[in-house]
Amino acid sequence: MGFFESKLTLESITSTDVCVQPRPAALPSNISRFVEEPGFSDQAAQRLLGAVRIPTMTFDDMGPITEDERWRPFGEFHTYLQGSFPRIHSQLRLEYVGGYSLVYTWVGKDKKAEPLLLTGHLDVVPATTALDRWTYPPFSGVIQDGWLYGRGVGDCKNNVIGIMTAVEHLIKIGWEPTKTIVMAFGQDEESSGQRGAKKIAEYLETAYGTHGVGLIVDEGGMGLDTIYGTEFALPAVAEKGFMNIDIQVDMEGGHASVPPKHTSIGILSKVVSNIEDSATFTPELKRDSPIWGYVSCLARHGDASLVPTWLREAVGAKHPDFRQVAQTLARESAAIRYLMQTSKAATIFNAGVKNNALAEVAKATFNSRVELYSSVKSVRQIYHDLTEPIAKRYSLRLQNRTLSDEPSIGNITISWTEERDSEPSPISPFHMNQSQTGAWSIFSRAVQATFGKNVITAPSAMTGNTGEPYLSNSIRAKLSMPLRYKILCTSSFARFLVF
C-alpha cells in the first residue's frame, strides 16, 4: 500500500469499532482505597511472603493424598490461610475438593444472577535443583528493594493472597455482593490439574449447571506492558491446548565393546532432531483471534509516530493478509510467536544405566502447547509423521508396524496420557457491547479504575496449562487479571468485585 492508502487506513481504524474502550472512563472506587493506607503494602507483602515460605510443590508423579508425604505442606498452607483471613473462614462456605483444593462461596443478593469465579492455585513448580543459582533460596520469602523473591510470588500465590485480601476487606466493611462470588484454588495446576481444576470443574457444573458461571478471572495473560508509547493491560481470553508425547525406542542390548551400527540412544536422537528441525508448525492468525485483537489495539491506540506502517496498513485493510502478519509478528517476538503457533520442546531424555552397556530402552518426552485453531489429535499425528521416516530409514518398526523390507532392529512406540492432555479453550468475547455491561466491558472498566483511564485493555492469550480447559463447560467467559509484579495489587480484585 502507498502512503495515501496508509493515511486512509489510519483514519478508518480510529473512526470504527476497533478496540473500543469504556467511555466515560471508570473512576476508582472509594471502597478499594484501603490499599493506599499507610502500612498496607508492607502488610500485604509479608502476608504473601508467609505463603511463599510454605513449599507447596507438586510433582508429575504425586501419589494419593493420604499416602504421599509431599502433600503435607498443603495442610500447613490451609492453616496459614485460616489464620490470615479469619472473616472469610467464619462467614463464607468452604468446600474441600480433590483433597486439598479449596472452593469458597460468598452468596450474593441476586440468587438468579450467574456467579463470578475468581481462581488461582496453591501449588508451585518444584525447586529442588540448582539452588545455588537462586538470588535467595526459593522458599525463604525475601523482600529487597521493593521486589519480592520466592517460588510462587508471581505464579501464583500472589493471585490467591490478593483475592483473599480483597474479599477479607470487603467483608470487614460490610459490603455485600449482588452476584455470588466463588473463589476456587486448585492444588495441582503445575501438574495438569487432575485433582484440582478437574474436580473443581465437576463441583461447579453440579452446583450451577453447564455454562452456569458467568465469568472466570484467572491467572495469566501478558500483564501490563508499554508498547508504542501506550500502556496496555493484556488479559488472556483464550488458552492454548496442552499435551505430552512420549517416544520410546526399544532395541537389543549388549556390551559397548562390540556395538551395532546404531543404538537406541542414537536412533532416538535422530527422531528428536528430526522433530526439532521440522518447520511443520507455523503461526496461525485469523480475524477472531485474540492476537488479531491485540495488534488491532496496538494500531488504534499506540502512538501514531511509533506504530509501524505495516501494522496500521494490515489492521486497516478490508482483507488483511493474516499469514503475512503472523509471520512478521513471529519474527519480531518469540513470545508472540508461541501465542499463535504450536510449540514442540524435548523436555526429558532417559536412557542407559551403565557406561559400558548398550541401552535397551531410550525414551524422550516432548511437551507441546497446541495453538488455538488446532487440536491434540492433529498434533499427535504430526509427531507420528515426523517419527515414521526415521523408523523406516533405519529399519525399525513403528507402533509394532513394519515399515521396511530390511530386518527390523527394534521398535519405536509413541504414547501419551489421554487424561492429562487438554484441547485449546474456546475464545471468550473481547469486544465492547453497546450497553457496556458484558464481561469484557466490566473487566475493562475495572482496569481503568485500577491502573488509570489511559490504560488500554487489549486481548491476549495464554500458552496453556492453567487448568482452565477443565472449566470450559462451566463458564461463559474467561479473562486473566493483569498485575503489576512489583507490588501486590489487591486493589485490582477489590475494584473488579465492586464493578
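The values are calculated or read from the model by the stated rules, or taken from the named source; none is laboratory data. Quantities reported herein were computed from a predicted structural model and do not represent experimental measurements. All Cβ positions, glycine included, derive from the backbone under ideal geometry; neighbour counts span all protein chains shown. All accessible areas refer to the heavy atoms of the entire protein, side chains included, with ligands and DNA or RNA removed. Shrake-Rupley method; radii C 1.70, N 1.55, O 1.52, S 1.80 Å.
Yes or no, residue by residue, for (1) open to solvent by 20 Å² or more (accessible area, probe 1.4 Å); (2) closer than 24 Å to Glu168 by Cα; (3) in contact with a Leu (Cβ under 7 Å, 6 or more places away or on another chain):
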| site | (1), (2), (3) |
| --- | --- |
| Ile181 | no, yes, yes |
| Ser192 | no, no, no |
| Lys198 | yes, no, no |
| Glu202 | yes, no, no |
| Tyr228 | yes, no, yes |
| Glu231 | yes, no, yes |
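Given the condition open to solvent by 10 Å² or more (accessible area, probe 1.4 Å), in contact (Cβ under 8 Å) with a residue 60 or more places away in the chain, among the basic types (Lys, Arg) and within 21 Å of Val52 (Cα to Cα), answer yes or no: does some residue in the stretch 167-177 qualify?
There is no residue in the stretch 167-177 that is open to solvent by 10 Å² or more (accessible area, probe 1.4 Å), in contact (Cβ under 8 Å) with a residue 60 or more places away in the chain, among the basic types (Lys, Arg) and within 21 Å of Val52 (Cα to Cα).
Identify, from the list Leu122, Leu117, the residue that is of a type outside the set (Phe, Trp, Tyr), closer than 19 Å to Arg72 by Cβ and surrounded by 14 or more Cβ atoms within 10 Å (Cβ to Cβ).
Only one candidate passes the filter, namely Leu122.
Which residues, counting only those in the stretch 287-307, are surrounded by fewer than 22 Cβ atoms within 10 Å (Cβ to Cβ) and outside any helix (DSSP H, G or I)?
Within the stretch 287-307, Arg287, Asp288, Gly302, Asp303, Ala304, Ser305, Leu306 meet the criteria.
Only one of these conditions is not met by Tyr104: (1) hydroxyl-bearing (Ser, Thr, Tyr); (2) in a helix (DSSP H, G or I); (3) open to solvent by less than 30 Å² (accessible area, probe 1.4 Å). Which number is it?
For Tyr104, the failing item is (2).
How many residues are hydroxyl-bearing (Ser, Thr, Tyr) and either in contact with a Cys (Cβ under 8 Å, 6 or more places away or on another chain) or open to solvent by 60 Å² or more (accessible area, probe 1.4 Å) (or both) when one looks only at the stretch 375-416?
Within the stretch 375-416, residues that are hydroxyl-bearing (Ser, Thr, Tyr) and either in contact with a Cys (Cβ under 8 Å, 6 or more places away or on another chain) or open to solvent by 60 Å² or more (accessible area, probe 1.4 Å) (or both) number 1.
Exactly one of these conditions fails for Glu219: (1) acidic (Asp, Glu); (2) open to solvent by 40 Å² or more (accessible area, probe 1.4 Å); (3) more than 30 Å from Ala357 (Cα to Cα). Give me its number.
(2)
Has the stretch 233-251 got any residue that is at pLDDT 95 or above, small (Gly, Ala, Ser) and open to solvent by less than 10 Å² (accessible area, probe 1.4 Å)?
no
What is the one condition in (1) out of contact with any strand residue (DSSP E or B) (no Cβ under 8 Å at 6 or more places or on another chain); (2) at pLDDT 95 or above; (3) among the hydrophobic types (A, V, I, L, M, F, W, C) that Val18 does not satisfy?
Against the list (1) out of contact with any strand residue (DSSP E or B) (no Cβ under 8 Å at 6 or more places or on another chain); (2) at pLDDT 95 or above; (3) among the hydrophobic types (A, V, I, L, M, F, W, C), Val18 comes up short only on (2).
Working only within the stretch 429-463, note down all residues that are within 15 Å of Ala233 (Cβ to Cβ) and among the polar types (S, T, N, Q).
Ser441, Ser444, Gln448, Thr450, Asn454, Thr457, Ser460
Among the candidates Glu69, Glu95, which residue alone is open to solvent by 10 Å² or more (accessible area, probe 1.4 Å), over 22 Å from Ala44 (Cα atoms) and more than 26 Å from the chain's Cα centre (by Cα)?
Numbers: Glu95 fails: more than 26 Å from the chain's Cα centre (by Cα).
Result of the check over Glu69, Glu95: Glu69.
Which of the residues belonging to the stretch 264-285 are under 27 Å from Asp321 (Cα atoms) and aliphatic (A, V, I, L, M)?
Residues satisfying the conditions are Ala279, Leu285.
Quickly run through the stretch 308-364 and pick out the residues that are open to solvent by less than 40 Å² (accessible area, probe 1.4 Å) and assigned to a loop (DSSP other than H, G, I, E, B).
Pro308, Ala317, Pro320, Ser333, Gln341, Thr342, Ser343, Ala359
Would you tally the residues in the stretch 236-274 being among the basic types (Lys, Arg) and in contact with a Pro (Cβ under 7 Å, 6 or more places away or on another chain)?
Total satisfying the criteria: 1.
Between a first residue in the stretch 21-34 that is closer than 12 Å to Thr450 by Cβ and a second residue that is part of a helix (DSSP H, G or I) and of a type in the set (Lys, Arg), which pairs have beta carbons less than 7 Å apart while being 6 or more apart in sequence or on different chains?
Pairs that qualify, where the first residue is closer than 12 Å to Thr450 by Cβ and the partner is part of a helix (DSSP H, G or I) and of a type in the set (Lys, Arg), are Ala26/Arg445; Pro28/Arg495; Ser29/Arg495; Ser32/Arg495.
Of all residues in the stretch 428-462, how many are modelled with pLDDT of 85 or more and not hydrophobic (A, V, I, L, M, F, W, C)?
13
Is it the case that Thr180 is of a type in the set (Val, Ile, Thr), in contact with a Phe, Trp or Tyr (Cβ under 8 Å, 6 or more places away or on another chain) and in contact (Cβ under 8 Å) with a residue 24 or more places away in the chain?
yes
Return the residue satisfying two criteria in turn: it lies in the stretch 267-286 and is open to solvent by less than 30 Å² (accessible area, probe 1.4 Å) and part of a helix (DSSP H, G or I), and of such residues it is nearest to Ile427 (Cα to Cα).
Taking the stretch 267-286 and keeping what is open to solvent by less than 30 Å² (accessible area, probe 1.4 Å), we get 267-268, 271-272, 275, 278, 281, 283, 285.
With part of a helix (DSSP H, G or I) added as a condition, the list becomes 267-268, 271-272, 275.
Details: Ile267: 40, Leu268: 37, Val271: 34, Val272: 32, Ile275: 29 Å.
My answer is Ile275.
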